[in-house]
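Please treat every number below as a calculation from the coordinates, not as lab data. Worth saying up front: this structure is predicted, and the values here are computed from it rather than measured. Note that we place each Cβ from the backbone using ideal geometry, even for glycine, and neighbour counts take in every protein chain shown.
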Amino acid sequence: AKKPAGVPQAAPRSLNRIGVVGAGLMASQLALVFAQQLQVPVVISDIDQARVDKGLEYIAAQNAKQVQKGRLSHQQAEALTGLVTGSTDKSAYADADFVIEAVFEEISVKKQVFAELEEIVSPEAILATNTSSLSVTEMAADLKHPERVIGFHFFNPVQVMPLVEIARTAKTADEPIATAFDLAAKLRKTPVLTKDTAAFVVNRVLLRLMAEVQRSFDQGTPAEVADEALKPLGLPMTPFDLLAMVGIPVAQHVTESLHASFGDRFYVSQNLQRLIDHGVKEIWSTDEAGNKHIKDSTRELLE
Ligand code: 3HC
């Protein structure tokens, strides 16, 4: 196979224990894919046990689905589920040689996580971020070993989306990048090397498209109309379905972060903010005939 552009000559390191910081949807999906494809122990963590348990339950449920689909035996699914353990204590990452964070998309939170990890892991352990909109350089700025910090950005749903954006900062050494490419191949993903710019490459385009759809939504184009009208473009998922999958608060937060970097090119929707403020999680309800509608109570919030 053709080597992707920019892969350093350095020999990649083999990774025997993976850490994923966070236990939300992205973090759980990451842990699942690492366990499935690498067959090595994976540790997840979060701020409380309930969140950790939710992540572990997601992983067990996904493995159970593979049993239903006839792709795994019960024993294989159990073994896979057993590879992932959860903790509320970062010392669980002590022996990890690759730790990826997928915590709240806020630079201070991410910096804090890396600072704590640096006290625990070996100086060589690779620290990766799954950020979709923040500066990797900034995340590494106060660390003793910024040369082992990389961006390693997956897309939701991680199990099926093929791309990983690998971001290199001015300080990243060759070996972590070579290891990241090797790791992506083992995860059966397609890696690309990007500069450390806000939102790398894909989200600068995808979230811009999403933001424009949301701008037209705020200007009065109903969500159903926008989704229907955009179908001929051949997107794999309609914009509002994608929004539902990513989660309205998560999507809004990332757009706000891009707004901070790029200004009005990334429009932040007032309508979505109103839904978030009222705790509306699902934009669609589906009628008996299978047609999607926005609930009347939700529509009232938007008027
Ligand atoms: N979670 C887990 N697995 C899922 C899933 C989900 N939400 N949705 C679909 N799948 C799995 C199915 O189980 C199925 O698996 P199998 O082949 O092993 O049985 C496989 O995906 C295909 O499912 P479908 O037949 O239903 O496939 P579709 O043709 O509907 O494709 C899709 C599903 C791949 C999710 C497709 O709709 C798609 O590509 N959507 C766009 C997703 C996208 O744009 N993601 C980026 C979001 S932005 C992001 O992540 C960046 C962040 O940083 C903000």
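Summary of computed values
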quantity	calculated
Of residues in segment 175-208 being among the charged types (D, E, K, R), within 14 Å of the ligand (Cβ to nearest atom) and part of a loop (DSSP other than H, G, I, E, B), the one farthest from PHE262 (Cα to Cα)	ARG188
Flag if THR194 is touching a strand residue (DSSP E or B) at 6+ places or on another chain (Cβ under 6 Å), buried (at least 16 other Cβ atoms within 10 Å of the Cβ) and of a type in the set (Ser, Thr, Tyr)	yes
Given (1) more than 18 Å from ALA185 (Cβ to Cβ); (2) part of a strand (DSSP E or B); (3) within 16 Å of the ligand (Cβ to nearest atom), index of the condition LEU127 fails	(3)
Out of SER28, SER14, SER45, sole residue that is of a type in the set (S, T, N, Q) and without any contact (Cβ under 8 Å) to a residue 24 or more places away in the chain	SER14
Tally, over segment 215-266, of residues that are farther than 20 Å from LYS292 by Cα and away from the ligand (no atom under 16 Å from the Cβ)	5
Scan of segment 56-78 for residues that are within 12 Å of the ligand (Cβ to nearest atom) and either over 25 Å from GLY19 (Cα atoms) or of a type in the set (Ser, Thr, Tyr) (or both), ordered by number	TYR58, GLN68, LYS69, GLY70, ARG71
Residue match in segment 104-117 (condition: of a type in the set (Gly, Ala, Ser), outside any strand (DSSP E or B) and closer than 24 Å to ILE177 by Cα)	yes
